[in-house]
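What follows is a set of notes on a single structure, which appears directly below.
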Amino acid sequence: MTLGLINANPIVHAKKERVARCEDSHCCDAVDPLDIYDFVRDIRDPEHPYSLEQLSVLSEESISVDDKLGRILITFTPTIQHCSMATVIGLCLRVKLQECFPPHYKVDIKVSPGSHADEEAVNKQLNDKERIAAALENPNLRQLVDECLYSNEL
Amino acid sequence: MDFDDEGSNFELKEIQTLSGHTDRVWSLAWNPATGTDDAQPVIASCSGDKTVRIWERSALTRSWDCKAVLEETHTRTVRSCTWSPSGKLLATASFDATTAIWENVGGDFQCVSTLEGHENEVKSVSWNASESLLATCSRDKTVWIWEVMPGNEFECASVLQGHTQDVKMIKWHPTMDILFSCSYDNTIKVWAEDDTGDWHCIQTIGESSNGHSSTVWAISFNAGGDKMVTCSDDLTLKVWEADIEGMRSGNNQVLWKHLSTLSGYHDRTIFSVHWSREGIIASGAADDAIRFFVESKDSVVDGPSYRLLLKKEKAHDMDVNVVQWSPGQENRVMASASDDGTIKIWELATSSN
C-alpha cells in the first residue's frame with residue numbers, strides 16, 4: 001500500500017436524504033437502479049473515512065439497468081484523474097453487488113467518461129472477469145475490499 | 001459434411017448436468033484416450049473451488065459420475081486442465097503460480113510433479129502432439145516451454161517474452177511443434193524453434209493485420225491444422241489460415257493470414273471457441289449462450305465465409321467459460337462449463353424434414 005494518500009484533500013459532500021424503500025423490493029423481477037444505489041452508496045472510499053456518495057464518486061445517476069437484457073451498468077467518478085484506487089473501487093462495487101443481486105444480471109463497471117487519465121485501460125481491467133477473480137484471491141486486496149464494505153457496520 | 005442441406009434442423013440436446021464443484025468451473029478437458037469401445041469417456045474439470053474433478057460415464061447406466069476429486073494440491077483457483085495426448089497424464093494450471101502434473105496410478109490420481117517458475121497466476125497449459133513438450137502461460141506476460149524428461153521430470157527449456165500483458169491461453173499446433181499464444185494485449189503470437197534450438201516469436205497478429213481489438217481469450221485449430229479460429233472480448237471470432245505444406249517443410253517464414261471475421265453474433269465477451277473434427281465451430285460466451293458456426297458454401301466472395309448454424313440461449317444460468325467437443329467415437333457430443341458451477345454434456349442433433 002502507498003504511504004502517502006493519492007488524494008490528500010478530497011471534497012466531501014453532505015449525504016443525500018434517504019427515502020424509505022420497500023424492504024423486499026429486490027425480490028421483484030425488475031431491478032430498480034435506486035435500490036442498487038442504496039446498496040452501494042455507503043461503501044467507504046479506500047483512502048478516506050467517507051462514503052463513495054459523500055465524495056461524489058457515486059450518485060443516483062451512476063446506475064442504469066436494462067431489465068430486458070438483464071444488465072446493470074455502474075459508472076463512477078474517481079476523485080482525481082490519476083486515481084490508482086479506481087480498480088479497488090471497482091472490486092468493492094462488484095463484491096457488494098454479488099451479495100445483493102441475482103447472479104444472472106450482468107454487471108459492467110466503468111469510470112465516467114473523461115474522469116480518468118487511463119480511462120480505457122482502467123475500464124478493461126474493471127471488467128476482466130479472470131483478473132477480478134485473481135485479485136479477490138489476493139488476501140491484502142480482499143482485506144482492503146472488506147474494510148471498504150463492512151467498516152460501517154463495526 | 002455439408003451443413004447447407006436445407007432440410008436439416010439442428011438442436012442442442014442436453015444429455016446430463018454434472019454438479020459437484022462449489023465455485024465456478026473455468027475449464028474442462030476430454031481424455032483423448034477414452035470414448036472408444038474399450039474405454040468409457042472421461043472428463044477432467046477445474047474450478048475456483050481449487051479442485052479438479054474427474055468424471056466418467058458408466059458403461060452400464062450411460063450416466064456420468066464423479067470418480068475423483070483432486071484437492072489439497074493447488075492453493076488457489078485451478079484455471080485450466082489438459083490431458084497429455086496419450087491420456088496418461090493430466091496437467092493443471094493454477095492461480096497459485098504452479099502447474100501440477102497428475103498420473104492415474106491404479107484408479108488413484110497422484111500429483112507426480114509441480115512446475116514452478118511463473119511469477120503469478122498460470123492461465124493455461126498445453127502438450128505438444130508428441131508429448132515431448134509442455135507449454136504454460138501466465139499473467140506475468142511470459143510463456144514457458146518445458147521438456148518432458150523420463151520419470152515425470154520437467155525441465156524448463158525456454159522462457160518466452162514478448163507479450164506486453166497477461167497471456168490468456170497457449171496452444172500447440174495439432175501436428176507441428178509450433179506454439180500459439182493469445183493475450184490481454186489483444187495479440188496472437190506464433191513461436192517456433194530455430195536450427196540452434198532457440199525459440200522465437202515468428203509472427204505477431206495484431207490489430208494492423210486484421211487482428212482483434214481487445215483481449216483474445218482462446219485459440220482452436222481445425223482438423224487439418226491449416227486454419228485456426230480465435231475469440232475475443234471484442235465480440236468477434238476470427239478465422240486464420242496458413243500454408244500447411246510450407247510449414248511442414250520447416251519454413252518458419254510461413255505467416256498466418258486473416259480469412260474471416262464473424263461479427264454481430266455475440267454481444268458479450270466470448271471466452272471459448274472449439275473447432276470440431278467435422279468443421280463445426282462452437283463458441284461459449286458471457287451471455288450464457290453457446291453458438292455453432294459452419295463454413296457457408298453460398299458465399300460469392302473469394303474464399304469461405306461462415307454462418308451461424310444454431311444459437312442455444314440460456315445454455316447455462318451464467319457465463320459459459322468453456323466449450324469442448326468430444327474426441328470420442330460418438331459424433332457431435334460436446335461439453336460446456338460455466339460460472340454457475342456446472343458442466344453440461346450435449347449432443348448436437350439433427351431432425352431432417
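Only the coordinates and a few stated rules stand behind these numbers; no lab work does. Because the structure is a prediction, the values reported are computed rather than measured. Every residue, glycine as well, gets a Cβ built from its backbone with ideal geometry; the counts of neighbours run over all protein chains shown.
Set the Förster radius R0 to 41 Å, insert the Cβ-Cβ distance between B:Ser208 and B:Ser19 as r into 1/(1 + (r/R0)^6), and round the FRET efficiency to 0.05.
The value I calculate is 0.35.
What is the gain in length, in nm to one decimal, between A:Leu141 and A:Ala121 on full extension, counting 0.36 nm per residue of separation less the C-alpha to C-alpha distance?
Contour length minus the Cα-Cα distance gives 5.3 nm.
Which one, B:Gly20, A:Pro139, A:Gln54, projects farthest toward the positive side of the charge dipole computed for the protein assembly as shown from Cβ point charges (K/R +1, D/E -1)?
A:Gln54
Beyond a 29 Å Cα-Cα separation, which of these cross-linked pairs lie in this structure: A:Lys124/B:Lys297; B:Lys50/B:Lys88; A:Lys68/B:Lys344; A:Lys129/B:Lys189; A:Lys129/B:Lys171?
Beyond 29 Å: A:Lys124/B:Lys297.
Using only alpha carbon positions, build the gyration tensor of chain B, then give the equivalent ellipsoid semi-axes as the square roots of 5 times its eigenvalues, largest first, whole angstrom.
Taking √(5λ) for each eigenvalue gives 28, 27, 19 Å, largest first.
What FRET efficiency do you get for B:Asp177 and B:Glu72 if R0 is 35 Å and r is their Cβ-Cβ distance, rounded to the nearest 0.05? Kindly include the intermediate steps, with their values, before the conclusion.
Working: r = 35 Å, r/R0 = 0.99.
Efficiency for this residue pair is about 0.50.
Taking 0.36 nm per residue of sequence separation and subtracting the Cα-Cα distance, how much length would be gained by fully extending the chain between B:Glu155 and B:Glu11, in nm to one decimal?
Values: separation 144, 0.36 × 144 = 51.84 nm, distance 4.63 nm.
47.2 nm is the gain from fully extending B:Glu155 to B:Glu11.
Applying the Karplus parametrisation 6.51 cos²θ - 1.76 cosθ + 1.60 with θ = phi - 60° to the phi angles of the range B:246-253, what ³J(HN,Hα) value in whole Hz is obtained for each residue in order, glycine and proline being reported as x?
Coupling constants for the range B:246-253: x, 5, 5, 7, x, 7, 7, 8 Hz.
So what's the gap between the Cα centers of the range B:30-56 and the range A:101-122, to the nearest angstrom?
37
With a ≥ b ≥ c the root eigenvalues of the C-alpha gyration tensor of the range B:62-174, is it rounded (a/c under 1.5), prolate (a/b larger than b/c) or oblate?
prolate
Just to be sure I understand the model, the point goes 7 Å from the Cα along the line to the Cβ. What's the resulting B:Asp37 to A:Val107 distance in nm?
The answer from the label model is 5.4 nm.
Please report, in Å, the Rg and the Dmax of chain A, where both are computed over Cα atoms only.
Gyration radius and largest Cα-Cα distance of chain A: 15.0, 45 Å.
Indicate the helices, whole DSSP H runs only, in chain A that combine a mean Kyte-Doolittle hydropathy of 0.5 or more with a Cα extent along their long axis of 18 angstrom or more.
Those that clear 18 Å and a mean of 0.5 are A:86-100.
Can you compute the charge dipole magnitude of the range B:235-353 about its Cα centre, using +1 on each Lys and Arg Cβ and -1 on each Asp and Glu Cβ, nothing else charged? Give it in debye, rounded to the nearest 20.
160
Spin-label point model (7 Å from Cα, Cβ direction): what's the B:Asp194 to A:Glu61 distance in nm?
Simple spin-label model gives 5.8 nm for this pair.
What list of ³J(HN,Hα) couplings, whole Hz, do you get for the range B:108-124 from phi and the Karplus terms 6.51, -1.76, 1.60, once you set θ to phi - 60° and write x for glycine and proline?
For the range B:108-124, the Karplus curve yields 9, 8, 10, 7, 9, 7, 10, 9, 10, x, 4, 7, 8, 3, 8, 9, 7 Hz.
Rounded to the nearest 20 debye, what is the charge dipole size of the range B:61-216 about its Cα centre when +1 sits on each Lys and Arg Cβ and -1 on each Asp and Glu Cβ?
660
Largest first, please: the extent of the C-alpha atoms of the range B:1-142 along each principal axis, to the nearest Å.
The Cα atoms of the range B:1-142 stretch 54, 36, 33 Å along their principal axes.
What value, in deg cm²/dmol to 500, does the helix sum -39500 (n - 2.57) over DSSP H runs of n ≥ 4 give at 222 nm once divided by the residues of the protein assembly as shown? Write out the running numbers ahead of the final one.
On the way: 6 runs with 56 residues, N = 507.
Result for the protein assembly as shown: -3000 deg cm²/dmol, rounded to the nearest 500.
In whole Hz, what ³J(HN,Hα) sequence does the range B:21-27 give by Karplus (6.51, -1.76, 1.60; θ = phi - 60°), x for Gly and Pro?
4, 9, 8, 4, 9, 7, 7
Given B:Trp217, B:Thr204, B:Met247, which one lies farthest toward the positive end of the charge dipole of the range B:151-251, if we put +1 on the Cβ of every Lys and Arg and -1 on the Cβ of every Asp and Glu?
Selected residue: B:Trp217.
B:Ser138's amide H: which non-local residues (gap 5+, or another chain) put their own amide H closer than 5 Å, with H modeled 1.01 Å from N in plane and none for Pro or chain starts?
Sorted by chain and number, the residues that satisfy this are B:Lys123, B:Val167.
Quick one: P(r) of the range A:90-154 from all Cα-Cα pairs, 5 Å bins, percents rounded to integers, in order of increasing distance.
Computed distribution, short to long bins: 3, 15, 23, 24, 21, 11, 2, 0.
Around B:Ser27, which amide H atoms from residues at least 5 apart in sequence, or from another chain, sit under 5 Å from its own amide H, with H modelled in the peptide plane?
B:Cys46
Calculate the spin-label point distance for B:Asp243 paired with B:Lys311, positioning each point 7 Å from the Cα along the beta-carbon direction, and give it in nanometres.
Going from the B:Lys311 label point to the B:Asp243 one covers 3.9 nm.
Once amide H atoms are placed 1.01 Å from N in the peptide plane, what residues at a sequence separation of 5 or more from B:Tyr306, or on another chain, have their amide H within under 5 Å of its amide H?
Here the answer is B:Ser296, since their amide H atoms fall under 5 Å of that of B:Tyr306.
Length gain on complete extension for the stretch A:Cys100 to A:Ile80, per 0.36 nm per residue less the alpha carbon to alpha carbon distance?
4.3 nm
Apply the Kirkwood formula to the range B:142-295: the hydrodynamic radius equals the inverse of the mean of 1/r over all pairs of different alpha-carbon atoms; give it in Å with one decimal.
Kirkwood radius, the range B:142-295: 16.1 Å.
Say we join alpha carbon atoms closer than 10 Å with springs in a Gaussian network model of chain A; which of A:Lys68, A:Lys96, A:Lys110 then has the biggest fluctuation?
Ranking A:Lys68, A:Lys96, A:Lys110 by mean-square fluctuation puts A:Lys68 first.
Which Cα, out of B:Thr230, B:Ser158, B:Ser63, lies furthest along the positive dipole direction of chain B (beta carbon charges, K/R +1, D/E -1)?
Going by the charge dipole, the pick is B:Ser63.
Over 30 Å apart: what share of the alpha carbon pairs of the protein assembly as shown falls there, rounded to a whole percent?
Every Cα pair in the protein assembly as shown considered, those over 30 Å come to 51 percent.
Using a 10 Å cut-off around each Cβ of peptide A:124-131, what is the average number of partner chain Cβ atoms that fall inside? Can you show the working numbers first?
Working: counts 6, 2, 0, 4, 8, 9, 14, 5.
Per residue, the number of nearby Cβ atoms from other chains is 6 on average.
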